[in-house]
Amino acid sequence: MEKRIISFLNKKLFLCPFCEELILDESVLCAPCRAQLLREFDPHPQIQSMKDKFFIYPLFSWNAKSKIILRELIYRLKGGENQRLQAWLAQLFYIKYELYISQRQKVFIPAPAKQKNKKNQRDHASEWAFQLVKAKGEGVFYDPLQRQQEGQKSKTREERQKAKLSLGSSQIRGRSKLQKNLEMIFCDDVVTTGATAFAAYKALGQPRHFAVWCLAYREVR
């Protein structure tokens, strides 16, 4: 009986990911934290062009005003935790860009993790891609990208910023077939220079239909 009660409470009671206050309903965030985050949400599209090759669709714009709450948001999502929050953000994304998303069949590709997850769980970028698929019930989750390790400690800052990605050896054969009539959606948390996104674009063979869907875009000034 005691185990049943505990199980029931675990399903009904949640802690706010930001302030860890108890939430007594099915909300993702407590009312104050939700209001603080939504103050930085612009419902109007903020589409950015990347070298005239593809477009970036950010959910939030990272600036001097929003950086504190967005930094906290990204921190809380690290490691693939807070799936409920990721699911809510995915729904918010579709509300923002509903009229600007093509009807092509989509393949959602997460940014590769910087380090392996010991628990074999999805990291934050993979969880973001997964929830984008789940929110609409359509599209394909596909995780073929790998980071190339080349002794980062010995490189300069500029060299480290030139992200290099590659397809897993088992994925290379199917690359040309994968591209035809599909739209590749690269999913990441924060896009700044766009180096990782552009590296993904090149690793995938510069597909005709390619876009970046991210949680935040931070413009370099």
| request: Could you list, in sequence order, all residues of region 107-154 that are of a type in the set (S, T, N, Q) and either modelled with pLDDT of 85 or more or closer than 15 Å to F186 by Cβ (or both)? | output: S126, Q131, Q146
| message | Testing A113 on (1) in contact (Cβ under 8 Å) with a residue 40 or more places away in the chain; (2) closer than 24 Å to E183 by Cβ; (3) surrounded by 15 or more Cβ atoms within 10 Å (Cβ to Cβ), one condition comes back false. Which one is that? | response | (1)
| task | Report, by residue number, each residue of region 56-108 that is in a loop (DSSP other than H, G, I, E, B), surrounded by 15 or more Cβ atoms within 10 Å (Cβ to Cβ) and among the aliphatic types (A, V, I, L, M). | result | I101
| Among (1) assigned to a loop (DSSP other than H, G, I, E, B); (2) exposed (fewer than 14 other Cβ atoms within 10 Å of the Cβ), the one test that R122 misses | (2)
| Residue pairs meeting the criteria (Cβ under 8 Å; at least 6 apart or on separate chains; first within 20 Å of S126 (Cα to Cα) and not assigned by TED's automatic domain parsing to the domain that holds P17, in region 54-82; second basic (K, R) and part of a helix (DSSP H, G or I)) | L59/K96; N82/R76
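The values are calculated or read from the model by the stated rules, or taken from the named source; none is laboratory data. All figures in this text were calculated on a predicted structure; none of them were measured in a lab. Virtual Cβ from ideal backbone geometry, glycine too; neighbours counted across all protein chains shown.
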